[in-house]
Amino acid sequence: MSSSGHRPVLTAPHPSVSIIEPEDLTTGGKDMESRQEVIDTVAARIRQILPGLKTDSSVEEKDLRDFAEFDSLSILESLVWLENEFSVKIPDEELVIDNFCTVGKMVDYVLLHQSV
């Protein structure tokens, strides 16, 4: 969190910030069952915000920015929830919407940064 106590608004990536690419991710020792559990947990939370989010296999890749309800407040609430639910810390410099615009990207972030 910045020194003023407010998190920055999610914007396009700053040139010095790298975007997390799927091929850069590992499951950090987690097996696929654990990954599926994280997907299910994150998807259930996002469905509370976006009731129109389908429960089919495409849920992991659906761009959440396509939903009007997924506004800046919903994004920040979701990220705070991710931090609390999975005991991860999202540094200000990683608060880039491209890192969190799908359930799959949120799950990848959690698995990459969660303590083993």
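The values are calculated or read from the model by the stated rules, or taken from the named source; none is laboratory data. Please read all numbers here as calculations on a predicted model, not as lab measurements. All Cβ positions, even for glycine, are placed from backbone atoms using ideal geometry, and neighbour counts span all protein chains on display. For the accessible areas, the whole protein counts, side chains as well, though only heavy atoms, and no ligand, DNA or RNA atoms are used. Shrake-Rupley method; radii C 1.70, N 1.55, O 1.52, S 1.80 Å.
If a residue has to be of a type in the set (Gly, Ala, Ser) and part of a helix (DSSP H, G or I) to count, how many in the range 45-93 make the cut? First the steps, then the outcome.
Going residue by residue through the range 45-93, those that are of a type in the set (Gly, Ala, Ser) are 52, 57-58, 68, 72, 74, 78, 87.
Then keep just the ones that are part of a helix (DSSP H, G or I); that gives 57-58, 72, 74, 78.
Within the range 45-93, residues that are of a type in the set (Gly, Ala, Ser) and part of a helix (DSSP H, G or I) number 5.
Tell me yes or no: at least one residue of the range 68-84 is touching a Ser or Thr at 6+ places or on another chain (Cβ under 7 Å) and either free of Cβ contacts under 8 Å to residues at least 12 places away in the same chain or open to solvent by 90 Å² or more (accessible area, probe 1.4 Å) (or both).
The first filter runs over the range 68-84 and keeps only residues touching a Ser or Thr at 6+ places or on another chain (Cβ under 7 Å), leaving none.
No.
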Exercise. Within the range 52-67, track down each residue that is open to solvent by 50 Å² or more (accessible area, probe 1.4 Å) and at pLDDT 90 or above.
Key: Glu61, Lys62, Arg65, Asp66
Self-check item: Condition broken by Ile49, with the remaining ones in (1) surrounded by fewer than 14 Cβ atoms within 10 Å (Cβ to Cβ); (2) touching a Phe, Trp or Tyr at 6+ places or on another chain (Cβ under 7 Å) satisfied
Solution: (1)
Quiz item: Taking the range 49-107 as the region of interest, how many residues are within 16 Å of Arg35 (Cα to Cα), under 12 Å from the mean Cα position of the chain (by Cα) and among the β-branched types (Val, Ile, Thr)?
Solution: 4
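Go through the range 85-116 and report how many residues are without any contact (Cβ under 8 Å) to a residue 12 or more places away in the chain and surrounded by 12 or more Cβ atoms within 10 Å (Cβ to Cβ). Break it down into steps so the answer makes sense when it comes.
Restricting attention to the range 85-116, the residues satisfying the condition of being without any contact (Cβ under 8 Å) to a residue 12 or more places away in the chain are 91.
Then drop every residue that is not surrounded by 12 or more Cβ atoms within 10 Å (Cβ to Cβ), which leaves none.
Total meeting the criteria: 0.
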